[in-house]
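Asker: I'd like to ask you about the structure that follows.
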Amino acid sequence: MLRFIVPTAALLLALPFSAQAASLQDFELNKTLQKTAEESNVGTPREVNENILDQGYTVEGKELINHLSVQAEHAEKMRANPKAVYLQLGASVCRDPNYRKLMAKGAIMRYEFTENRTNRPVASARFQESDCPAPTKKKK
């Protein structure tokens, strides 16, 4: 009987420590995301192109959220082609080495598009590390 009690007690004692480690990692990730958002928000709102205005970043837990507003005509095109929007955003996120580093730590990159002036939702997309193909090594 003692053979079963000791390992079980050791396991129960270890659980709070692993939970604390996970909480510490989440806390550190949130701090990193907050700093990233703060630095990225300098100069916002800013025009990405004639159709898109970057309103800045916010953070919710493990998510770094980029808020963007788009012109009504562009919003209609995005609504008509949600898969193309998702694939284009995903390719952009996966090419960005800074986003890749954040996602490797467990971050989720989220994009929230709204229509300029009306704030009507246009598109929302989120990406995590598993959404990106493994980086290819360059040949020498």
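Asker: For segment 81-140, give the percent of accessible area contributed by carbon and sulfur heavy atoms, probe 1.4 Å, rounded to a whole number.
Answerer: Details: 2340 of 4470 Å².
The value for segment 81-140 is 52 percent carbon and sulfur by accessible area.
Asker: I want the local charge near Arg79. Using Cβ-Cβ distances under 12 Å, sum +1 for each Lys or Arg and -1 for each Asp or Glu among the other residues. Can you show the working numbers first?
Answerer: Details: positive: Lys77, Lys83, Arg120; negative: Glu73, Glu76, Glu115.
Summing Lys and Arg as +1 and Asp and Glu as -1 gives 0.
Asker: Using alpha carbon centroids, what distance separates segment 36-70 and segment 115-131, in Å?
Answerer: 11
Asker: Quick one: net charge of Ala125's neighbours, Cβ under 14 Å, K/R +1, D/E -1?
Answerer: Within the 14 Å Cβ shell, the charges total +1.
Asker: Cross-link candidates for Lys101: which aspartates and glutamates have Cα within less than 19 Å, leaving aside residues fewer than 8 places away along the same chain?
Answerer: Leaving aside aspartates and glutamates fewer than 8 places away in the same chain, those within reach of Lys101 are Asp26, Glu28, Glu38, Glu39, Glu60, Glu63, Glu129, Asp131.
Asker: Express the accessible area of segment 40-129 per residue in Å², computed with a 1.4 Å probe while the remaining protein chains stay in the model. Mind dumping the intermediate values first?
Answerer: Values: 5310 Å² over 90 residues.
For segment 40-129, the solvent-accessible area averages 59 Å² per residue.
The values are calculated or read from the model by the stated rules, or taken from the named source; none is laboratory data. Bear in mind that the values here come from a model prediction, so they are computed numbers and not experimental data. Backbone-built Cβ (ideal geometry, glycine too); neighbour counts: all protein chains shown. These accessible areas exclude ligands, DNA and RNA; they are computed on the full protein's heavy atoms, side chains included. Shrake-Rupley method; radii C 1.70, N 1.55, O 1.52, S 1.80 Å.
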